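Scroll down for the structure; my scribbles are underneath it.
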Amino acid sequence: MTAPVGRNAIDINAGGLIGKKLPRVEGPLKVSGRAPYAYEVHPDGVEGVLYGYPVPAPIGLGSIGSIDTDAATASPGVIAVLTHDNMPQGYASGPALAAALKENRLVNPILASHVIDHYGQPVACVVAETFEQAVAAAALVKVECSADASPHFDLRTEQYDAPKPAGGPPPDSRKGDFDRAFGSCALRIDESYSTPAQSQAMMEPPATLAIWHDANSRDAKAPRLTLHTSHQIVDWAQEAVAALFGLDREAVEILSPYVGGGFGAKLQVLPDAILAAACAKVTGRPVKIALPRPQIFNATSHRSATIQWVQLGADRHGVLKAVAHRCWSGNLPDRTFYEQAAAQTRHLYATPNLLIEQRNAALNLTLAASMRAPGEAVGLLALESAMDQLAELGQIDPIELRLRNEPKTDPETGKPFSERRLVECLKLGADKFGWSKRTAPGQRSEGAWMIGMGMACAIRTNLNRPSGAKVTLSGDGRLLVQTSMTDIGTGTYTILTQIAAEMLGLDPSMVTVALGDTDFPASSGSGGSWGAGSSGSAVYDACMNLRARLAHEARIPADRAVFARGRIGDGRRRSQPLRALVRRGALVATGSISFGSFSEQYYEAAYGAHFAEVGIDRDSGEIRLRRMLGVFDIGRVLNHATARSQLIGGMTLGVGAALSENLVADTRSGAFINHDFAEYLIPVQADIGEIDAIMLDAVDDKTNPLKSKGAGEIGVCGAGAAVANAIHNACGARVRDYPITLDKIMDHLG
């Protein structure tokens with residue numbers, strides 16, 4: 001993509017499928033239990049499946065002195081017990097491994113040495129004939145460890161020695177002279193905020209069935225590995241597993257057709273896949289492993305806790321003159337990923353003086369990695385709370401304050417915006433929500449309930465990734481779409497069905513989409529809100545190439561071809577069925593999308609405005625979300641039902657970040673102690689009142705051929721801050737250490 005996209009078939013939308021609330025095409029399979037998730041796969045011809053169960057490390061940092069596996073090995077049904085002493089030859093020693101680790105595509109190699117990097121790290125794995133036998137035997141493994149005397153488990157302790165991140169996006173930026181400008185401002189906010197560690201807590205546990213094959217067609221002596229696994233980006237998984245086991249990339253096949261949620265946790269290859277592959281190699285039989293819930297919290301990944309310092313300086317009219325956002329997060333030593341909590345502050349509000357600093361401490365906790373809207377989700381909890389406080393200080397309506405600071409170009413770089421309708425989101429949301437009825441803090445009540453309204457802006461940088469797709473039109477007029485893209489519950493099967501059907505003039509029932517297979521053309525996968533736009537654009541391109549072939553077969557100029565009701569015509573003479581043009585069994589076309597430097601010419605983002613109303617019980621301090629509205633600018637909406645689902649799901653996650661989610665690390669052991677759904681508190685339906693999302697459906701011709709922007713993560717961005725600001729409006733409590741629990745507002749109930 002080298003220029004803005006002109007009018008195309010998606011714009012014309014002759015069949016009316018783009019944007020339509022088409023029900024999920026895979027929905028019947030899922031609700032009937034017939035969609036095969038990784039742990040439920042039973043491939044034809046695969047017999048003798050064994051079950052693995054990991055043994056977690058009992059300390060947070062140190063080394064293994066000895067592992068006694070005798071009792072476990074003698075236990076009924078046990079086939080093997082793997083430790084670092086009997087892993088497959090060549091494991092975790094290849095030259096490509098360092099790159100996979102640097103790019104955060106693997107958790108730390110499992111059973112690679114006697115070193116323990118964090119609590120809960122698998123130190124052994126029992127393999128048995130049944131799951132129950134494996135669990136029973138795992139309890140018999142005796143691990144003697146030597147704990148390190150100086151582990152690092154607490155971000156606050158390590159904060160001031162935290163270095164600048166060594167990899168990833170540039171952590172710091174400066175524009176103007178912040179210190180001088182801030183000191184001269186009439187209105188100043190100077191506050192610290194903290195957000196706790198959080199868990200992605202996806203519904204489907206990480207699970208894998210590993211099968212080794214004796215040979216492949218290219219080399220009779222070469223091993224080949226198939227992993228039926230739960231992963232968001234199968235091409236990343238293929239690369240990482242090949243590096244870990246010293247294989248050619250083509251010798252690894254990853255299959256993830258259905259993924260039961262990820263939220264970023266399944267961007268890495270996790271212990272289930274690594275251990276299943278190793279156990280299958282050692283035993284010579286297929287091995288299946290699913291991580292139990294407590295081990296998910298302590299052996300996979302999490303969102304790092306953050307400490308944030310926000311300074312806002314404005315003139316007496318609320319016009320920002322100086323903005324600073326400093327952030328601290330943590331990760332395992334030598335990992336480059338860091339929580340970019342100041343990412344949005346670079347782009348949201350106009351200011352002549354901007355200071356961004358981000359630091360990343362080395363912590364001996366589980367891997368810190370992406371969780372839905374990494375950076376913005378927690379960064380906006382601080383920034384938008386500070387903006388609400390600035391509005392109060394200046395006696396300015398919070399929406400008016402934001403309107404006064406709306407930039408004309410990107411505040412950090414000066415680039416033009418690809419498209420930005422944040423002001424429209426704010427105004428429409430205020431009207432729909434009834435913002436004009438908002439009162440001063442503590443002034444509205446209904447019986448024992450103190451009522452408050454709050455709002456916050458949302459922003460999420462729009463990302464695109466190269467993607468490919470293949471389409472095949474068969475002699476019966478059916479179209480098959482193949483791409484390694486995944487569906488993690490976001491509606492990818494349905495969206496790609498709509499795009500392909502619209503492009504070829506087919507009924508959606510005549511389109512079959514196949515996903516999550518590394519034998520298909522490589523795609524973006526699901527992450528970063530780039531999936532629909534990137535993979536959908538590849539399908540669009542493949543369909544454009546197929547349209548050209550069909551037009552050639554029909555002897556119609558490609559630019560005059562009309563596709564409708566399974567037929568092709570030129571709009572004037574009689575049309576003919578597409579199937580009549582298929583020769584030799586099928587017509588095949590491939591397509592791809594890449595973005596080069598064009599995407600760097602503009603700042604691309606999705607935007608939104610959140611509005612929340614809460615009630616606080618004056619006697620108990622109970623906080624209830626009464627209603628919530630989000631208005632979003634996400635470019636063209638490909639399916640209004642799936643997009644709304646993504647947005648209100650993100651908003652719900654934001655409510656959890658504001659009110660309940662707190663992954664608590666024991667600073668003595670490094671263990672996350674609330675490692676289940678009973679004590680890691682996630683909002684459920686009963687916690688959420690009336691909630692809705694409105695989409696502007698305004699196209700952006702500089703993002704991709706679909707003119708869409710990501711919807712998966714923008715919903716969480718700013719949502720929690722709107723709730724926090726509503727709490728302040730209800731009772732006057734300004735809480736800066738999330739989550740906002742009852743004890744933090746009790747003094748303000750009056």
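Listing for the model above:
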read-out	value
Residue match in region 547-556 (condition: closer than 30 Å to Val252 by Cβ and under 38 Å from the mean Cα position of the chain (by Cα))	no
Pairs, first within 9 Å of Ala386 (Cα to Cα) and in a strand (DSSP E or B) in region 183-194, second at pLDDT 95 or above and basic (Lys, Arg), C-beta under 7 Å, six or more apart	Glu191/Arg736
Flag for Asn13 being within 30 Å of Lys702 (Cα to Cα) and either touching a helix residue (DSSP H, G or I) at 6+ places or on another chain (Cβ under 6 Å) or not basic (Lys, Arg) (or both)	yes
Flag if Gly434 is among the small types (Gly, Ala, Ser) and out of contact with any helix residue (DSSP H, G or I) (no Cβ under 6 Å at 6 or more places or on another chain)	yes
Candidate set: region 516-529, residues that are out of contact with any helix residue (DSSP H, G or I) (no Cβ under 8 Å at 6 or more places or on another chain) and crowded, with 24+ Cβ neighbours inside 10 Å; chosen: the one nearest to Ala265 (Cα to Cα)	Gly528
Filter result for Asp570 (acidic (Asp, Glu) and touching a Phe, Trp or Tyr at 6+ places or on another chain (Cβ under 7 Å))	no
Conditions (1) of a type outside the set (Lys, Arg); (2) more than 30 Å from Lys281 (Cβ to Cβ); (3) in contact (Cβ under 8 Å) with a residue 40 or more places away in the chain; (4) surrounded by fewer than 19 Cβ atoms within 10 Å (Cβ to Cβ): number failed by Ser146	(2)
Residue in region 271-282 that is assigned to a strand (DSSP E or B), among the hydrophobic types (A, V, I, L, M, F, W, C) and buried (at least 23 other Cβ atoms within 10 Å of the Cβ) present	no
Extreme residue, farthest from Gly414 (Cα to Cα), among residues of region 294-350 that are in a loop (DSSP other than H, G, I, E, B) and of a type in the set (Val, Ile, Thr)	Thr300
Filter result for the condition that a residue is in contact with a Gly (Cβ under 8 Å, 6 or more places away or on another chain), closer than 30 Å to Gly264 by Cα and aliphatic (A, V, I, L, M), over Val513, Val539, Val582	Val539
Given (1) touching an Asp or Glu at 6+ places or on another chain (Cβ under 6 Å); (2) surrounded by fewer than 24 Cβ atoms within 10 Å (Cβ to Cβ), index of the condition Ser484 fails	(2)
Residue within region 55-73 that is modelled with pLDDT of 95 or more, more than 27 Å from the chain's Cα centre (by Cα), assigned to a helix (DSSP H, G or I) and surrounded by 18 or more Cβ atoms within 10 Å (Cβ to Cβ) present	yes
Failed item, numbered, when Gly468 is tested on (1) part of a strand (DSSP E or B); (2) within 30 Å of Arg316 (Cα to Cα); (3) out of contact with any Leu (no Cβ under 9 Å at 6 or more places or on another chain)	(2)
Count of region 375-416 residues which are surrounded by 24 or more Cβ atoms within 10 Å (Cβ to Cβ) and part of a loop (DSSP other than H, G, I, E, B)	1
Lone qualifier among Ala134, Ala139, Ala124 - being surrounded by fewer than 21 Cβ atoms within 10 Å (Cβ to Cβ), more than 23 Å from the chain's Cα centre (by Cα) and not basic (Lys, Arg)	Ala139
Subset of region 540-577 [hydroxyl-bearing (Ser, Thr, Tyr) and within 18 Å of Val471 (Cβ to Cβ)]	Tyr540
Neighbours by Cβ (under 8 Å, 6+ apart or cross-chain): first from region 336-359, under 18 Å from Gly718 (Cα atoms); second aromatic (Phe, Trp, Tyr)	His347/Tyr603
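Results for (1) assigned to a helix (DSSP H, G or I); (2) crowded, with 17+ Cβ neighbours inside 10 Å; (3) of a type outside the set (A, V, I, L, M), shown as yes or no for each residue.
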{"position": "Gly16", "(1), (2), (3)": "no, no, yes"}
{"position": "Arg24", "(1), (2), (3)": "no, yes, yes"}
{"position": "Ile79", "(1), (2), (3)": "no, yes, no"}
{"position": "Ala92", "(1), (2), (3)": "no, yes, no"}
{"position": "Ala99", "(1), (2), (3)": "yes, no, no"}
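The values are calculated or read from the model by the stated rules, or taken from the named source; none is laboratory data. The structure presented is a predicted model; accordingly, all values stated were derived computationally and were not measured. All Cβ positions, glycine included, derive from the backbone under ideal geometry; neighbour counts span all protein chains shown.
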